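Worksheet: the structure to be examined is printed underneath.
The values are calculated or read from the model by the stated rules, or taken from the named source; none is laboratory data. The structure presented is a predicted model; accordingly, all values stated were derived computationally and were not measured. Heads up, the Cβs are rebuilt from the backbone with ideal geometry, glycines too, and the neighbour counts pull from every protein chain shown. Just the protein is used for accessible areas: all its heavy atoms, side chains included, with ligands, DNA and RNA removed. Shrake-Rupley method; radii C 1.70, N 1.55, O 1.52, S 1.80 Å.
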Amino acid sequence: MSPLHKYRLQGEIREFLYRKVFNHIEKRILELATRNQEITGSITLAFVYRSETFAQRVVSKGRYIIPKPLDESLRPEMDKILAHRTNIISESDYVMSLMSKVFSMTNKVEEVLGLLPEGIHPPIIKFIGQGCPAPSDLPPEMHQEVLEFNAQGYEMLRTRLMGNLVL
């Protein structure tokens, strides 16, 4: 596998693992923006919280409309959402570090499939397309090296796969 294919495949894996959870977070923020709009009487479906603008950017007659701050009553809920988003970003960093290690150790798709849990195989098989080889049996030393490198990332990957089944 070429470095370009490895890079693109890592992007596909990230998308497969985290699209649902980030869509869920965006949905929660949009619901909060709607409630904020009702409370504050804002004309935009957007708000500012901790120097960050959430929801959509609004332009009216060529001018950017500055969103109102998030209402105080909604701040505890927004803090929970932001804490969850921070945890997911941290988790994705660990998992993608694990993916980088796997891709740096392997040169063939069947080796990649052999090192990763079955739940992560669908985006790889989709990326490769027809004729995707079966996972190869690899020496236990390769599995051990991956786990020693990033055991926490491997567990987070397994947890994310299970969590995605619930979303």
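Brief remarks follow.
- Calculated P(r) tail over 19 Å for the chain, as whole % of Cα pairs: 63 percent
- Around the Cα centre of region 1-153, unit charges on the Cβ atoms of Lys, Arg, Asp and Glu (plus for the first two, minus for the last two) sum to a dipole of about 940 debye.
- Compactness of region 80-167 as Cα Rg over 2.2 N^0.38 Å, two decimals: 1.16
- Solvent-accessible area per residue for region 1-106 (1.4 angstrom probe, square angstrom): 61 Å²
- Lysine pair number, Cα distance threshold 23 Å (strictly under), the chain, separation 8 or more or different chains: 11
- The simple Förster model, with R0 at 30 Å and r as the Cβ-Cβ distance, assigns residue 1 and residue 165 a FRET efficiency of 0.60.
- Normalising the average separation of contacting C-alpha pairs (under 8 angstrom, six or more residues apart) by the number of residues puts the relative contact order of region 80-154 at 43 percent.
- Sorting the segments 139-149, 27-37 by their mean number of nearby beta carbons within 10 angstrom, highest to lowest, gives 27-37, 139-149.
- Axis of helix 3-40 versus longest Cα principal axis of the chain: the two differ by about 20°, to the nearest ten degrees.
- Percent of alpha-carbon pairs separated by more than 24 Å within region 23-115: 43 percent
- Of all accessible heavy-atom area on region 1-149, the percent that carbon and sulfur account for (1.4 Å): 51 percent
- Qualifying trypsin sites (Lys or Arg not before Pro) in region 70-167, where qualification requires a DSSP coil assignment and no more than 15 other C-beta atoms within 10 Å, comprise 108.
- Electrostatic tally near residue 11: other residues with Cβ closer than 13 Å to its Cβ, Lys and Arg +1, Asp and Glu -1, net +3.
- Relative contact order, percent, the chain [alpha-carbon distance under 8 Å, six or more residues apart]: 26 percent
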